[in-house]
Amino acid sequence: MWHIDPVIDTGGKVAVRIYTMLVLAVVAAASGSAALPAHADALASPHRLVIATSSLLDGRGHVLHDVEVVVEGSKIVAVGPHHGHADYDLRGLTTLPGWIDGHVHITWSFGPDGRNAGDEVATPLAAYHAASNAWLTLAAGFTTIQSVGSPADLPLRDAIAAGQIPGPRILTAAEPLVGRGPETGSPGAIREFVRKQKAAGADLIKIFASQSIRLGGNMTLSAEQLAAACDEARRQGLRTLVHAYKGAARAAALAGCTQVEHGSLATDDDLRVLAEKGTYLDPQAGLVIENYVLYKERYLGTGGYTEEGFAAMAGVLPVDHDLIRHASQIPGLKIVFGTDAVAGAHGRNAEEFVDRVRDCGVDPMTAMVSANSLGAEAIGLGDSIGSIAPGYEADIIALDGDPLTDITSVRRVVFVMKGGIVYKNAPPAGSPAPGRAAH
């Protein structure tokens, strides 16, 4: 059994405990019903499994041909020439490591009225939606996500880790630090907030150092406040992700923060500071704004979403494309993959790859690596996920098509293994199921 720390002193979040019980109820209900698709294969085998491939991207920028991947339990134990027998035959597909989405909001959903409910509603429906979001994301090929952040992420993270429900590996920021200028508190108060998140079970700290771009994106924390947050997180062994626009991106790098989210309206000089400091950049090329536009009527009038805000977002999309084009030319700048997926976008995360390659000119292999080995490095798991190599977690997916020549093939994920467990094994269009090979 798992638990979360019930004491999160951020405005009386008793709802977190209610949400925990609701997720448990979801798990209990699911245990008495039919399993989710592909769950028949979802018991990690202690025996050796052999996966035959014809084209394999190793997650580090290399393409291997006609190799087999040998899995024991949750780990890859060998990658080498194919010897004939295969438990899973993925030849004719493109095999690669499971993707990592470094920025989602996995518990965001639409409410009973069909409108945006965010992550604030602790109801049975919200718990089911969160479990559904996790399944859709995993089935889309994302075996690890970083959800930043809500206390509601914690019970979902723990239920998935315990094998009680299927979903991607989740790292969460729990309650984010929202900059409000002097009202945010003194550096000492900010350090105390960071320590409380650590005690509550956070895997990282999310910091809002700028307003929403819908409101102009101006900086909401002083350099001293930002430095206190990132320094204390580092002392606690936690990484920091900073929501930052304009000059706040440079300020985050100078404060020693780990990663900048969004970065819209940052200058080339700002980006060079990120590169010099080793700060990761996670820009968005389109999915989040496209999703808001697609579901405008569901968001409008909820949580600060106004007509003026939507007009501002429409103007930001070409700015974001320009940011990624410029960022891609900055030597040494580490650009990772994150979608900012909210209600309506879960399971469509791979559209961000299409946007980056099609609209921003990003090299397809660079796009893949940003969600594989580089993404793993950014979240502190570079020695265990993000690559297909001996000793790494057996997070393996396969696409019907080659993303290096047709980026839209990222939409056609037909095989998903996470930690040695197969959750999806579907036939490519017009083909028989890849299935377990006959013995």
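Please treat every number below as a calculation from the coordinates, not as lab data. Worth saying up front: this structure is predicted, and the values here are computed from it rather than measured. Here Cβ is always computed from backbone atoms with ideal geometry, including for glycine, and neighbour counts include all displayed protein chains.
Any idea what % of Cα-Cα pairs in segment 186-266 are farther than 18 Å? Roughly 34 percent, once rounded to a whole number.
Only helices enter the 222 nm calculation for the chain: every DSSP H run of n ≥ 4 contributes -39,500 (n - 2.57), and dividing by all residues gives -10000 deg cm²/dmol, rounded to 500.
Maximal additional length on extending the T408-H62 stretch stands at 122.6 nm, based on 0.36 nm per residue less the C-alpha distance. Among the listed pairs K334/K418; K75/K206; K196/K296; K206/K277, those whose Cα-Cα separation exceeds 28 Å are K75/K206; K196/K296.
This model, with +1 at the C-beta of Lys and Arg and -1 at the C-beta of Asp and Glu, gives the chain a dipole about its Cα centre of some 580 debye. Among G332, G386, G256, the residue with the largest mean-square fluctuation in a Gaussian network model of the chain, with springs joining Cα atoms closer than 10 Å, is G332.
The amide H of A244, built 1.01 Å from its N in the peptide plane, has E261, G263 as neighbours under 5 Å, considering only residues 5 or more places off or on other chains. Taking the longest Cα principal axis of the chain as reference, the axis of helix 187-200 is set at about 30 degrees.
What the pair-distance distribution of segment 147-282 shows, using all Cα-Cα distances binned every 5 Å from zero, is 2, 12, 21, 22, 19, 13, 7, 4, 1, 0 percent. Taking amide hydrogens as placed 1.01 Å from N in the peptide plane, the amide H of A117 sits under 5 Å from those of S109, F110, G111, each at least 5 positions away in sequence or on another chain. Counting only Cβ charges, +1 for Lys and Arg and -1 for Asp and Glu, the dipole size of segment 304-439 around its Cα centre is about 500 debye.
So, counting K/R as plus one and D/E as minus one, what does the shell of residues with Cβ under 15 Å around A78 add up to? After counting each charged neighbour, the total is -4.
Relative to the Cα centre, the charge distribution of segment 141-294, modelled as +1 at Lys and Arg Cβ and -1 at Asp and Glu Cβ, gives a dipole magnitude of about 280 debye. The Rg/Rh ratio of segment 310-439, with Rg taken over Cα atoms and Rh as the Kirkwood radius over Cα pairs, comes to 1.01. Sorting the segments 107-114, 96-103 by their residues' average number of neighbouring beta-carbon atoms within 10 angstrom, most packed first, yields 96-103, 107-114.
Modelled spin-label separation between S54 and D268, with each label point placed 7 Å from Cα along the Cα-to-Cβ direction: 4.4 nm. Over segment 288-369, all Cα pairs binned in 5 Å intervals from 0 give whole-percent P(r) values of 3, 13, 22, 23, 18, 12, 7, 3, 0, listed from short to long. Over segment 99-378, Cα pairs under 8 Å with separation of 6+ residues give a relative contact order of 20 percent. Largest GNM mean-square fluctuation across H321, H129, H82, computed for the chain with C-alpha springs under 10 Å, falls on H82.
If the chain linking E192 and D363 were pulled fully straight, counting 0.36 nm for each residue of separation and taking away their Cα-Cα distance, it would gain 57.3 nm.
Under 10 Å, Cα contacts only: if you run a Gaussian network model on the chain, which one of L56, L404, L241 comes out with the highest mean-square fluctuation? Highest fluctuation of the listed residues: L404.
Cysteine residues of the chain whose Cβ has no partner cysteine Cβ closer than 4.7 Å: C360. In the P(r) worked out for the chain, what percent of Cα pairs fall beyond 27 Å? Pairs farther apart than 27 Å: 51 percent.
The label-point distance for A223 and F310, in a model that sets each label 7 Å from Cα toward Cβ, rounds to 4.0 nm.
Looking at the chain, the DSSP beta bridges with both ends there are about 50 percent antiparallel. Stretching the chain fully between A199 and A78 yields a gain of 39.7 nm (0.36 nm per residue, less the alpha carbon separation). Note on segment 174-226 and segment 228-285: Cα centroid distance 13 Å, given to the nearest whole angstrom.
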